[in-house]
Amino acid sequence: MDNELITKSAQYIVSSKNSIALTGAGISVESGIPDFRSKDGLWSRYAPEEYATISAFRENPEKIWKMLKEMEELVLGAEPNPAHIGLGELEKMGYLNYIITQNIDNLHQAGGAQNVIEYHGNSSTLSCIWCGNRYPVEEKGGEYPPKCGCGKILKPDVVFFGEPIPPYALTKSFQLAASTELLLIIGTSAVVSPANTIPSIAKQNGAKIIEINMEETHLTSTITDIFLKGKAGEIVPAIVSEVKRIAGK
Ligand code: NAD
Ligand code: ZN
């Protein structure tokens with residue numbers, strides 16, 4: 001870990017009046033939920049192009065539910081890791097206004113953050129794409145695949161490829177990106193659109209960009225100001241302690 005860059009990042013955070021974070025699957029890998037790239041994870045058996053599109057769900061919801069059930073079990077068994085908890089602490093200290101997450105795993109909230117925008121929805125409710133009914137997941141717990149009162153198979157309220165972003169998340173994220181002074185980008189390959197427009201909107205409006213990832217992304221050499229290479233679960237807590245030291249908290 002590069003201590004100088006950690007200190008510089010913490011200084012940016014302390015001096016910024018308005019900061020947000022954009023997170024992706026990488027921040028939850030240390031909680032045991034694989035990202036799209038993991039070699040032996042869920043996604044090596046269920047190609048996202050084949051299993052995470054809305055047309056695939058419409059055609060064969062039983063097939064897609066095999067993947068959804070495994071994902072659901074992983075998510076239900078997962079605990080927030082030090083990266084989620086660290087962002088929650090930054091929010092409580094007043095150094096982080098919002099987290100925009102592409103994840104559907106609820107781990108930011110479990111880690112103590114309150115201002116979380118779920119760009120790709122949340123897996124805690126299920127909807128019927130045929131009749132529009134919605135159910136809390138607990139109500140259908142144990143049913144596999146869960147069915148609507150109308151008889152059709154339900155879909156979790158997460159955004160599949162080919163589905164629109166929830167309107168509030170889209171508008172709010174755009175406003176935040178356009179007005180933030182600092183953007184922390186954590187554990188995302190930033191290839192999924194339109195979430196990947198957030199970094200460039202922030203940059204165009206003059207935000208400083210701090211990126212945390214195990215490996216470089218297409219953002220690293222183009223818009224990132226500080227690149228912190230490594231595990232989010234190690235880097236975020238290191239930044240938080242440095243923020244506390246600088247701010248005297
Ligand atoms: P991605 O899989 O495309 O990229 C993950 C990124 O995280 C990679 O750049 C990888 O290098 C990095 N990474 C992996 N482990 C890390 C760690 N410990 N610390 C820091 N960085 C790490 O994920 P994406 O960009 O989020 O896009 C995939 C889409 O699928 C998104 O919508 C995503 O949220 C969704 N998805 C969600 C979950 C979840 O809710 N936890 C899991 C898988 C996929
Ligand atoms: Zn229905």
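The table below gives the values:
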read-out	value
Set Ala177, Ala190, Ala169: member being in contact (Cβ under 8 Å) with a residue 40 or more places away in the chain, in a loop (DSSP other than H, G, I, E, B) and open to solvent by less than 20 Å² (accessible area, probe 1.4 Å)	Ala190
Checking Glu216 against (1) under 25 Å from Pro82 (Cβ atoms); (2) open to solvent by 40 Å² or more (accessible area, probe 1.4 Å); (3) more than 19 Å from the chain's Cα centre (by Cα), the condition it does not meet	(3)
Total residues in the range 94-115, condition away from ligand 1 (no atom under 12 Å from the Cβ) and more than 17 Å from Ser31 (Cβ to Cβ)	7
Subset of the range 86-109 (residues that are small (Gly, Ala, Ser) and more than 26 Å from Val137 (Cα to Cα))	Gly86, Gly94
Output for the range 32-55, where each listed residue is open to solvent by less than 20 Å² (accessible area, probe 1.4 Å), touching a residue at least 24 places away in the same chain (Cβ under 8 Å) and small (Gly, Ala, Ser)	Ala52
Selection count, the range 134-161, where residues are more than 10 Å from ligand 2 (Cβ to nearest atom), open to solvent by 70 Å² or more (accessible area, probe 1.4 Å) and either among the hydroxyl-bearing types (Ser, Thr, Tyr) or not in a loop (DSSP other than H, G, I, E, B) (or both)	4
Residue that is nearest to Gly162 (Cα to Cα), among those in the range 114-145 that are of a type outside the set (A, V, I, L, M, F, W, C) and touching a Phe, Trp or Tyr at 6+ places or on another chain (Cβ under 6 Å)	Pro145
Residue list for the range 15-31, restricted to those being small (Gly, Ala, Ser) and crowded, with 17+ Cβ neighbours inside 10 Å	Ser16, Ser19, Ala21, Gly24, Ala25, Gly26, Ser28, Ser31
Condition met for Ile198 (crowded, with 18+ Cβ neighbours inside 10 Å, within 12 Å of ligand 1 (Cβ to nearest atom) and farther than 21 Å from Asn18 by Cβ)	no
Selected residue (criterion: most open to solvent (accessible area, probe 1.4 Å)) from residues of the range 116-131 that are among the small types (Gly, Ala, Ser) and within 16 Å of ligand 1 (Cβ to nearest atom)	Ser124
Top-ranked residue of the range 15-46 - restricted to ones that are of a type in the set (Phe, Trp, Tyr) and part of a loop (DSSP other than H, G, I, E, B), ranked as modelled with the lowest pLDDT	Phe36
The range 1-14 - residue that is surrounded by fewer than 21 Cβ atoms within 10 Å (Cβ to Cβ) and out of contact with any Leu (no Cβ under 9 Å at 6 or more places or on another chain) and, of those, farthest from Leu219 (Cα to Cα)	Val14
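The values are calculated or read from the model by the stated rules, or taken from the named source; none is laboratory data. Given the structure is predicted, the values throughout are model-derived calculations rather than measurements. Virtual Cβ from ideal backbone geometry, glycine too; neighbours counted across all protein chains shown. Ligands, DNA and RNA are excluded from the accessible area calculation, which covers all protein heavy atoms including side chains. Shrake-Rupley method; radii C 1.70, N 1.55, O 1.52, S 1.80 Å.
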